[in-house]
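> If you scroll down you'll find the structure; I have some questions about it.
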Amino acid sequence: MARVAVITAPNIGYRNTGMLTVDLAFESLRRRTGAGFDTTWYTLHPPETVPLRACARDTELPFRFRSLIEDLDTLRDHDAVVFWGDFLHTRHYLAQDATNRLLDFGVAADRDAARALLHRTLLLADQPDDLLARTLSYGGTILHNTQSDYGDGDGEDKEYGPLFSRLMTCSHRLWLRDPLSAARVAHLRGDRTTEYFGSDAALLSRPGDLAGLLPATPWSGEVPDGGAIGVFLGARTPVPDWLPAFCDRLAGRLGAPLEWLPWFDRDTPAAVAHIAARPGPHSIGDLVHVLPRYRLVITDTYHLAVNAWGAGTPVLCVGAPEPAPVTDDDYLTLSDLKKHVFHLAYDAADFYLSTLPDTREGLDARADRLVRLVEGGGAAAVAARIRAHADHSAADFTGTLAGLLGSGR
(Lines give C-alpha, C1' and ligand atoms only; values in the text may rest on other atoms or scores of the structure.)
Protein backbone atom coordinates (compact mmCIF):
# COMPACT_ATOMS: atom_id res chain seq x y z
CA MET A 1 0.00 0.00 0.00
CA ALA A 2 1.18 3.54 -0.77
CA ARG A 3 2.58 5.61 2.09
CA VAL A 4 1.96 9.32 2.64
CA ALA A 5 3.87 11.48 5.12
CA VAL A 6 1.83 14.38 6.49
CA ILE A 7 3.67 17.28 8.16
CA THR A 8 1.63 19.66 10.31
CA ALA A 9 2.32 22.56 12.64
CA PRO A 10 2.95 21.59 16.27
CA ASN A 11 -0.10 21.72 18.51
CA ILE A 12 1.43 20.97 21.89
CA GLY A 13 -1.05 19.64 24.41
CA TYR A 14 -3.78 20.04 21.79
CA ARG A 15 -4.19 23.53 23.22
CA ASN A 16 -5.37 24.98 19.91
CA THR A 17 -8.78 23.60 18.89
CA GLY A 18 -8.57 25.08 15.42
CA MET A 19 -5.24 23.46 14.63
CA LEU A 20 -6.70 20.12 15.67
CA THR A 21 -9.53 20.58 13.15
CA VAL A 22 -6.89 21.24 10.48
CA ASP A 23 -5.18 17.93 11.21
CA LEU A 24 -8.44 16.02 11.45
CA ALA A 25 -9.52 17.35 8.06
CA PHE A 26 -6.83 15.31 6.33
CA GLU A 27 -8.06 12.14 7.97
CA SER A 28 -11.74 12.93 7.34
CA LEU A 29 -10.92 13.61 3.67
CA ARG A 30 -9.01 10.33 3.41
CA ARG A 31 -11.92 8.39 4.91
CA ARG A 32 -14.59 10.17 2.88
CA THR A 33 -12.84 9.50 -0.41
CA GLY A 34 -11.85 5.95 0.48
CA ALA A 35 -8.24 6.69 -0.47
CA GLY A 36 -6.06 3.62 -0.16
CA PHE A 37 -2.85 4.71 1.51
CA ASP A 38 -1.21 4.62 4.93
CA THR A 39 -0.51 7.91 6.66
CA THR A 40 2.47 8.76 8.86
CA TRP A 41 2.08 11.97 10.85
CA TYR A 42 5.01 14.28 11.62
CA THR A 43 5.38 17.52 13.56
CA LEU A 44 8.23 19.43 15.19
CA HIS A 45 6.94 18.86 18.73
CA PRO A 46 4.38 16.08 19.31
CA PRO A 47 1.34 17.07 21.39
CA GLU A 48 2.57 15.00 24.34
CA THR A 49 5.60 17.31 24.71
CA VAL A 50 3.50 19.02 27.39
CA PRO A 51 0.49 17.71 29.38
CA LEU A 52 -2.60 17.41 27.19
CA ARG A 53 -5.44 19.88 27.54
CA ALA A 54 -8.04 18.51 29.98
CA CYS A 55 -10.89 18.23 27.46
CA ALA A 56 -8.63 16.30 25.05
CA ARG A 57 -7.19 13.76 27.48
CA ASP A 58 -9.87 11.10 27.03
CA THR A 59 -10.33 11.60 23.29
CA GLU A 60 -9.11 8.84 21.00
CA LEU A 61 -7.67 10.67 18.00
CA PRO A 62 -6.93 8.93 14.67
CA PHE A 63 -3.22 9.77 14.63
CA ARG A 64 -0.01 9.58 16.61
CA PHE A 65 2.69 12.08 15.71
CA ARG A 66 6.33 11.26 15.12
CA SER A 67 9.04 13.85 15.71
CA LEU A 68 9.97 15.45 12.41
CA ILE A 69 13.29 16.44 13.95
CA GLU A 70 14.25 12.91 15.01
CA ASP A 71 12.74 11.04 12.05
CA LEU A 72 13.36 13.47 9.19
CA ASP A 73 15.12 11.00 6.94
CA THR A 74 12.20 8.57 7.10
CA LEU A 75 10.33 10.97 4.79
CA ARG A 76 12.25 9.35 1.94
CA ASP A 77 10.46 6.05 2.64
CA HIS A 78 7.12 7.56 1.57
CA ASP A 79 5.52 7.81 -1.84
CA ALA A 80 4.32 11.36 -1.17
CA VAL A 81 4.97 14.08 1.38
CA VAL A 82 2.23 16.56 2.27
CA PHE A 83 2.77 19.80 4.17
CA TRP A 84 -0.65 20.42 5.70
CA GLY A 85 -1.77 23.92 6.74
CA ASP A 86 -0.40 26.91 8.62
CA PHE A 87 2.65 29.20 8.27
CA LEU A 88 5.19 26.40 7.98
CA HIS A 89 7.17 28.00 5.14
CA THR A 90 7.07 31.69 6.04
CA ARG A 91 10.28 33.37 7.20
CA HIS A 92 8.67 35.09 10.17
CA TYR A 93 7.35 31.75 11.51
CA LEU A 94 10.80 30.18 11.23
CA ALA A 95 12.46 33.21 12.87
CA GLN A 96 9.85 33.78 15.57
CA ASP A 97 7.47 31.07 16.79
CA ALA A 98 9.37 28.01 15.62
CA THR A 99 12.83 29.18 16.70
CA ASN A 100 11.61 30.32 20.11
CA ARG A 101 9.91 26.96 20.72
CA LEU A 102 13.09 25.04 19.86
CA LEU A 103 14.99 27.18 22.35
CA ASP A 104 12.30 26.86 25.02
CA PHE A 105 12.37 23.06 24.80
CA GLY A 106 16.16 22.89 24.71
CA VAL A 107 16.23 21.31 21.26
CA ALA A 108 18.66 23.88 19.86
CA ALA A 109 21.56 25.60 21.59
CA ASP A 110 21.07 29.01 19.99
CA ARG A 111 19.10 30.82 17.30
CA ASP A 112 21.51 29.93 14.49
CA ALA A 113 21.29 26.24 15.35
CA ALA A 114 17.51 26.48 15.53
CA ARG A 115 17.26 28.10 12.12
CA ALA A 116 19.53 25.49 10.55
CA LEU A 117 17.35 22.74 12.00
CA LEU A 118 14.16 24.42 10.73
CA HIS A 119 15.63 24.81 7.26
CA ARG A 120 16.30 21.07 7.19
CA THR A 121 12.88 20.05 8.52
CA LEU A 122 10.44 22.58 7.06
CA LEU A 123 12.26 23.68 3.90
CA LEU A 124 13.75 20.21 3.22
CA ALA A 125 17.16 21.81 2.71
CA ASP A 126 19.10 18.53 2.70
CA GLN A 127 16.54 16.38 0.91
CA PRO A 128 17.04 15.27 -2.69
CA ASP A 129 15.16 16.75 -5.62
CA ASP A 130 13.20 13.55 -6.12
CA LEU A 131 11.62 13.97 -2.67
CA LEU A 132 10.54 17.51 -3.49
CA ALA A 133 9.11 16.21 -6.76
CA ARG A 134 6.65 14.09 -4.79
CA THR A 135 5.85 16.80 -2.22
CA LEU A 136 2.51 18.61 -1.99
CA SER A 137 1.56 21.56 0.19
CA TYR A 138 -2.04 22.32 1.09
CA GLY A 139 -3.57 25.14 3.14
CA GLY A 140 -0.38 27.02 3.96
CA THR A 141 0.14 30.75 3.72
CA ILE A 142 3.00 33.14 2.97
CA LEU A 143 0.82 36.17 3.58
CA HIS A 144 3.47 38.15 5.48
CA ASN A 145 6.48 37.32 3.31
CA THR A 146 8.03 40.29 1.58
CA GLN A 147 11.01 40.92 -0.70
CA SER A 148 13.43 41.67 2.12
CA ASP A 149 12.75 38.19 3.52
CA TYR A 150 14.54 36.70 0.54
CA GLY A 151 17.95 38.09 1.47
CA ASP A 152 18.01 41.26 -0.65
CA GLY A 153 18.52 43.72 2.22
CA ASP A 154 21.63 44.41 4.30
CA GLY A 155 21.74 42.14 7.31
CA GLU A 156 18.75 40.08 6.14
CA ASP A 157 18.58 36.30 6.10
CA LYS A 158 20.70 35.05 3.19
CA GLU A 159 19.80 31.35 3.47
CA TYR A 160 16.01 31.40 3.63
CA GLY A 161 15.35 32.86 0.17
CA PRO A 162 17.09 30.20 -1.97
CA LEU A 163 15.75 27.33 0.16
CA PHE A 164 12.22 28.72 0.12
CA SER A 165 12.36 29.27 -3.64
CA ARG A 166 13.62 25.72 -4.22
CA LEU A 167 10.77 24.23 -2.19
CA MET A 168 8.12 26.40 -3.84
CA THR A 169 9.33 25.76 -7.40
CA CYS A 170 10.33 22.10 -7.12
CA SER A 171 7.32 20.79 -5.17
CA HIS A 172 4.85 18.79 -7.23
CA ARG A 173 1.88 21.07 -6.43
CA LEU A 174 0.81 23.69 -3.89
CA TRP A 175 -2.51 25.11 -2.73
CA LEU A 176 -2.33 28.24 -0.57
CA ARG A 177 -5.18 29.16 1.74
CA ASP A 178 -5.46 32.79 0.65
CA PRO A 179 -5.44 34.36 -2.82
CA LEU A 180 -2.52 36.70 -2.09
CA SER A 181 -0.23 33.81 -1.19
CA ALA A 182 -1.50 31.92 -4.22
CA ALA A 183 -0.61 34.81 -6.51
CA ARG A 184 2.92 34.91 -5.09
CA VAL A 185 3.44 31.20 -5.73
CA ALA A 186 2.22 31.66 -9.30
CA HIS A 187 4.87 34.38 -9.74
CA LEU A 188 7.58 32.16 -8.25
CA ARG A 189 6.69 29.19 -10.42
CA GLY A 190 6.12 31.27 -13.56
CA ASP A 191 2.76 29.55 -13.96
CA ARG A 192 -0.34 31.66 -14.69
CA THR A 193 -2.69 28.78 -15.45
CA THR A 194 -2.57 26.41 -12.47
CA GLU A 195 -5.01 27.12 -9.63
CA TYR A 196 -3.00 27.74 -6.47
CA PHE A 197 -5.78 29.21 -4.31
CA GLY A 198 -7.02 26.44 -2.04
CA SER A 199 -9.26 26.68 0.98
CA ASP A 200 -8.14 26.60 4.56
CA ALA A 201 -7.34 22.96 5.28
CA ALA A 202 -9.91 22.80 8.11
CA LEU A 203 -12.66 23.33 5.54
CA LEU A 204 -11.87 20.03 3.82
CA SER A 205 -13.92 18.36 6.54
CA ARG A 206 -17.54 18.57 5.46
CA PRO A 207 -20.26 19.16 8.07
CA GLY A 208 -20.73 15.88 9.91
CA ASP A 209 -17.36 14.40 8.94
CA LEU A 210 -15.89 14.86 12.41
CA ALA A 211 -18.73 13.08 14.20
CA GLY A 212 -16.84 9.80 14.07
CA LEU A 213 -13.45 11.37 14.81
CA LEU A 214 -14.26 13.72 17.71
CA PRO A 215 -16.78 12.27 20.19
CA ALA A 216 -19.29 14.70 21.68
CA THR A 217 -21.25 14.73 24.94
CA PRO A 218 -24.73 16.12 25.76
CA TRP A 219 -23.00 19.48 26.45
CA SER A 220 -23.01 20.43 22.76
CA GLY A 221 -26.64 19.45 22.22
CA GLU A 222 -28.17 21.65 24.88
CA VAL A 223 -28.81 24.84 22.91
CA PRO A 224 -31.75 27.11 23.87
CA ASP A 225 -34.86 27.15 21.69
CA GLY A 226 -34.31 29.65 18.91
CA GLY A 227 -30.58 29.15 19.06
CA ALA A 228 -27.80 31.03 20.81
CA ILE A 229 -24.86 33.21 19.84
CA GLY A 230 -21.48 31.69 20.59
CA VAL A 231 -18.89 34.22 21.78
CA PHE A 232 -15.12 33.84 22.11
CA LEU A 233 -13.21 37.11 22.33
CA GLY A 234 -9.99 38.51 23.72
CA ALA A 235 -7.70 35.68 22.67
CA ARG A 236 -6.22 37.40 19.61
CA THR A 237 -7.48 40.99 19.65
CA PRO A 238 -8.08 43.32 22.62
CA VAL A 239 -11.81 43.80 23.25
CA PRO A 240 -12.73 47.44 22.48
CA ASP A 241 -14.86 49.22 25.08
CA TRP A 242 -17.88 49.50 22.81
CA LEU A 243 -17.97 45.84 21.69
CA PRO A 244 -19.78 44.21 24.67
CA ALA A 245 -22.76 46.54 24.29
CA PHE A 246 -22.77 45.92 20.54
CA CYS A 247 -22.92 42.16 21.16
CA ASP A 248 -25.80 42.67 23.60
CA ARG A 249 -27.72 44.69 21.00
CA LEU A 250 -27.19 42.00 18.37
CA ALA A 251 -28.45 39.35 20.79
CA GLY A 252 -31.57 41.38 21.44
CA ARG A 253 -32.19 41.97 17.75
CA LEU A 254 -31.77 38.29 16.88
CA GLY A 255 -33.66 37.03 19.93
CA ALA A 256 -30.80 34.69 20.87
CA PRO A 257 -28.79 34.75 24.10
CA LEU A 258 -25.04 35.20 24.18
CA GLU A 259 -23.08 32.15 25.34
CA TRP A 260 -19.35 31.89 26.08
CA LEU A 261 -17.68 29.22 23.93
CA PRO A 262 -14.41 27.99 25.55
CA TRP A 263 -12.56 27.49 22.26
CA PHE A 264 -9.26 27.78 24.16
CA ASP A 265 -8.70 27.13 27.87
CA ARG A 266 -8.41 30.66 29.18
CA ASP A 267 -10.20 33.04 31.52
CA THR A 268 -13.07 35.06 30.11
CA PRO A 269 -11.89 38.68 29.61
CA ALA A 270 -13.34 41.10 32.16
CA ALA A 271 -15.05 43.13 29.42
CA VAL A 272 -17.29 40.18 28.50
CA ALA A 273 -17.42 38.44 31.89
CA HIS A 274 -21.20 38.90 31.92
CA ILE A 275 -21.51 36.29 29.14
CA ALA A 276 -22.12 32.98 30.89
CA ALA A 277 -20.55 29.74 29.76
CA ARG A 278 -22.67 26.67 29.32
CA PRO A 279 -22.41 24.65 32.55
CA GLY A 280 -20.85 21.24 32.84
CA PRO A 281 -17.77 19.50 31.47
CA HIS A 282 -17.19 19.33 27.74
CA SER A 283 -15.00 17.37 25.36
CA ILE A 284 -12.87 18.95 22.68
CA GLY A 285 -15.32 17.46 20.19
CA ASP A 286 -18.17 19.45 21.76
CA LEU A 287 -16.45 22.70 20.78
CA VAL A 288 -16.77 21.72 17.12
CA HIS A 289 -20.13 19.93 17.24
CA VAL A 290 -21.88 22.92 18.82
CA LEU A 291 -21.01 25.29 15.94
CA PRO A 292 -23.86 24.41 13.52
CA ARG A 293 -26.38 24.87 16.36
CA TYR A 294 -25.54 28.56 16.81
CA ARG A 295 -27.38 31.41 15.08
CA LEU A 296 -24.15 33.41 14.99
CA VAL A 297 -20.58 33.20 16.27
CA ILE A 298 -18.75 36.33 17.45
CA THR A 299 -14.99 35.87 17.70
CA ASP A 300 -11.53 37.30 17.13
CA THR A 301 -9.99 33.85 16.51
CA TYR A 302 -9.21 32.81 12.94
CA HIS A 303 -9.88 29.08 13.01
CA LEU A 304 -13.04 29.42 15.08
CA ALA A 305 -14.34 31.73 12.35
CA VAL A 306 -13.23 29.30 9.62
CA ASN A 307 -14.85 26.29 11.30
CA ALA A 308 -18.09 28.12 12.02
CA TRP A 309 -18.43 29.25 8.41
CA GLY A 310 -17.61 25.69 7.34
CA ALA A 311 -20.47 24.46 9.51
CA GLY A 312 -22.82 26.93 7.81
CA THR A 313 -22.97 29.33 10.78
CA PRO A 314 -22.37 33.02 10.10
CA VAL A 315 -19.52 34.74 11.92
CA LEU A 316 -18.97 38.26 13.15
CA CYS A 317 -15.17 38.35 13.08
CA VAL A 318 -13.52 41.08 15.14
CA GLY A 319 -10.10 42.38 14.20
CA ALA A 320 -7.83 45.38 14.16
CA PRO A 321 -7.48 47.39 10.95
CA GLU A 322 -4.57 46.37 8.78
CA PRO A 323 -1.74 46.98 8.40
CA ALA A 324 -1.48 47.25 12.18
CA PRO A 325 1.86 48.34 13.62
CA VAL A 326 4.09 45.46 14.72
CA THR A 327 7.34 45.16 16.64
CA ASP A 328 10.09 42.58 16.49
CA ASP A 329 8.38 40.79 19.39
CA ASP A 330 5.01 40.44 17.66
CA TYR A 331 4.23 37.03 16.20
CA LEU A 332 2.89 37.68 12.70
CA THR A 333 1.14 34.30 12.85
CA LEU A 334 -1.27 36.01 15.28
CA SER A 335 -1.81 39.09 13.11
CA ASP A 336 -5.40 40.01 12.31
CA LEU A 337 -4.55 40.22 8.60
CA LYS A 338 -5.31 36.54 7.98
CA LYS A 339 -8.86 36.98 9.34
CA HIS A 340 -9.52 40.02 7.18
CA VAL A 341 -8.13 38.44 4.01
CA PHE A 342 -10.19 35.28 4.58
CA HIS A 343 -13.40 37.30 4.70
CA LEU A 344 -12.43 39.48 1.75
CA ALA A 345 -11.74 36.37 -0.35
CA TYR A 346 -15.36 35.24 -0.04
CA ASP A 347 -17.22 38.59 -0.32
CA ALA A 348 -17.76 38.47 3.43
CA ALA A 349 -16.37 41.87 4.45
CA ASP A 350 -19.81 42.72 5.91
CA PHE A 351 -18.96 40.19 8.62
CA TYR A 352 -15.54 41.64 9.52
CA LEU A 353 -15.83 44.17 12.34
CA SER A 354 -12.93 46.58 12.80
CA THR A 355 -11.96 47.53 16.35
CA LEU A 356 -11.72 51.19 15.32
CA PRO A 357 -14.16 53.35 17.30
CA ASP A 358 -17.43 54.25 15.62
CA THR A 359 -20.45 56.41 16.40
CA ARG A 360 -23.61 54.96 17.92
CA GLU A 361 -25.35 55.63 14.61
CA GLY A 362 -22.63 53.83 12.69
CA LEU A 363 -22.76 50.81 14.96
CA ASP A 364 -26.56 50.71 14.76
CA ALA A 365 -26.33 50.73 10.96
CA ARG A 366 -23.79 47.92 11.14
CA ALA A 367 -26.06 45.89 13.41
CA ASP A 368 -29.01 46.46 11.04
CA ARG A 369 -26.99 45.15 8.10
CA LEU A 370 -25.78 42.09 10.03
CA VAL A 371 -29.27 41.17 11.15
CA ARG A 372 -30.58 41.46 7.59
CA LEU A 373 -27.77 39.24 6.32
CA VAL A 374 -28.24 36.63 9.04
CA GLU A 375 -32.04 36.51 8.78
CA GLY A 376 -32.09 36.89 5.00
CA GLY A 377 -30.03 34.99 2.47
CA GLY A 378 -26.78 36.91 2.66
CA ALA A 379 -25.02 34.84 5.33
CA ALA A 380 -26.15 31.60 3.71
CA ALA A 381 -24.73 32.79 0.37
CA VAL A 382 -21.32 33.40 1.96
CA ALA A 383 -21.34 30.00 3.67
CA ALA A 384 -22.31 28.32 0.39
CA ARG A 385 -19.50 30.13 -1.45
CA ILE A 386 -16.96 28.96 1.13
CA ARG A 387 -18.26 25.39 1.01
CA ALA A 388 -18.29 25.26 -2.80
CA HIS A 389 -14.68 26.42 -2.97
CA ALA A 390 -13.60 23.91 -0.33
CA ASP A 391 -15.32 21.02 -2.12
CA HIS A 392 -13.78 21.99 -5.45
CA SER A 393 -10.34 22.35 -3.91
CA ALA A 394 -10.65 19.05 -2.04
CA ALA A 395 -11.39 17.24 -5.29
CA ASP A 396 -8.39 18.91 -6.93
CA PHE A 397 -6.11 17.92 -4.06
CA THR A 398 -7.29 14.32 -3.77
CA GLY A 399 -7.10 13.84 -7.53
CA THR A 400 -3.57 15.20 -7.64
CA LEU A 401 -2.48 13.06 -4.70
CA ALA A 402 -4.01 9.94 -6.25
CA GLY A 403 -2.23 10.66 -9.53
CA LEU A 404 1.08 11.16 -7.73
CA LEU A 405 0.70 7.90 -5.81
CA GLY A 406 -0.39 6.05 -8.93
CA SER A 407 2.60 7.21 -10.93
CA GLY A 408 5.10 5.48 -8.66
CA ARG A 409 8.56 6.89 -7.93
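The values are calculated or read from the model by the stated rules, or taken from the named source; none is laboratory data. What you see is a predicted model; the values in this text were computed from it and never measured. Cβ sites come from the backbone with ideal geometry, for glycine too, and all protein chains shown count toward neighbours. These accessible areas exclude ligands, DNA and RNA; they are computed on the full protein's heavy atoms, side chains included. Shrake-Rupley method; radii C 1.70, N 1.55, O 1.52, S 1.80 Å.
> Could I have the simple spin-label model distance between Asp104 and Ala349, label points 7 Å from Cα toward Cβ, reported in nm to one decimal?
For the pair Asp104/Ala349, the computed spacing is 3.6 nm.
> Now a separate question. Toward the positive end of the charge dipole of segment 57-214, about the Cα centre and with charges on Cβ (Lys, Arg +1; Asp, Glu -1), which of Ser181, Gly161, Ser199 goes farthest?
Ser199
> With each pseudo-label sitting 7 Å past Cα toward Cβ, what's the Ser67-Ser165 distance in nm, one decimal?
Here the answer is 3.4 nm between the modelled labels.
> If you count only protein heavy atoms with a 1.4 Å probe, what accessible area per residue comes out for segment 102-260, rounded to a whole Å²?
Numbers: 6480 Å² over 159 residues.
Per-residue value: 41 Å².
> With an 8 Å cut-off on Cα pairs and a minimum separation of 6 or more residues, tell me the relative contact order of the chain in percent.
Working: 663 pairs, mean separation 65.8, N = 409.
Relative contact order comes out at 16 percent.
> Here's a follow-up. Got the relative contact order for segment 219-376 handy, in percent, Cα pairs under 8 Å and 6 or more residues apart?
On the way: 205 pairs, mean separation 40.4, N = 158.
Once divided by the residue count of segment 219-376, the mean separation gives 26 percent.
> Now a separate question. What shape does segment 215-261 have by the C-alpha gyration tensor, where a ≥ b ≥ c are the square roots of the eigenvalues, rounded means a/c under 1.5, and otherwise prolate means a/b greater than b/c and oblate the rest?
Working: a/c = 4.83, a/b = 1.38, b/c = 3.50.
Oblate, since a/c reaches 1.5 and b/c is not below a/b.
> Placing unit charges on C-beta atoms (Lys and Arg positive, Asp and Glu negative, everything else neutral), compute the dipole magnitude of the chain about its Cα centre in debye, rounded to 20. Mind showing how you got there, number by number?
Details: 40 positive and 53 negative charges, 207 e Å.
Its charge dipole is roughly 1000 debye.
> To the nearest 0.05, how large is the calculated FRET efficiency for Lys158 and Ala270 if R₀ is 56 Å and r is the Cβ-Cβ distance?
Numbers: r = 46 Å, r/R0 = 0.83.
Once the sixth-power term is evaluated, E becomes 0.75.
> State the answer as a single residue: which of Gly319, Thr141, Ile229 lies farthest towards the positive end of the charge dipole of the chain, with beta carbon charges of +1 for Lys and Arg and -1 for Asp and Glu, about the Cα centre.
Ile229
> Next up: Over what distance in Å are the Cα centres of segment 3-50 and segment 116-193 separated?
Using only Cα atoms to place each centre, the spacing works out to 21 Å.
> Once fully extended, how much extra length lies between Asp191 and Thr398, figured as 0.36 nm per residue of separation less the alpha-carbon to alpha-carbon distance?
72.4 nm
> In square nanometres, what is one fourth of the surface area of the convex hull spanned by the alpha carbons of segment 136-192? If you can, show how the numbers build up before the last one.
Values: hull surface 15.2 nm².
It is 3.8 nm².
> Let me ask something else. Using a 1.4 Å probe on the protein chains only, how many percent of the accessible area of the chain belongs to carbon and sulfur?
Values: 8330 of 16310 Å².
About 51 percent, which is the carbon plus sulfur part of the accessible surface.
> If you take the alpha carbon radius of gyration of segment 219-376 and divide it by 2.2 N^0.38 Å, what ratio comes out, to two decimals? List each step's numbers first, then the result.
Values: Rg = 15.0 Å, N = 158, 2.2 N^0.38 = 15.1 Å.
In units of the globular-protein estimate, segment 219-376 measures up at 1.00.
> In addition: Between Rg and the Kirkwood Rh of the chain, both from Cα atoms, what is the Rg to Rh ratio? Write down the numbers at each step before the final one.
On the way: Rg = 21.1 Å, Rh = 22.1 Å.
We get a ratio of 0.96 for the chain.
> Say R0 is 30 Å: what FRET efficiency, to the nearest 0.05, do Gln147 and Ala235 get from their beta-carbon distance?
On the way: r = 32 Å, r/R0 = 1.06.
Calculated transfer efficiency: 0.40.
> Under a point spin-label approximation (7 Å from Cα along Cα-to-Cβ), what is the Thr59-Asp248 distance to one decimal in nm?
Going from the Thr59 label point to the Asp248 one covers 3.3 nm.
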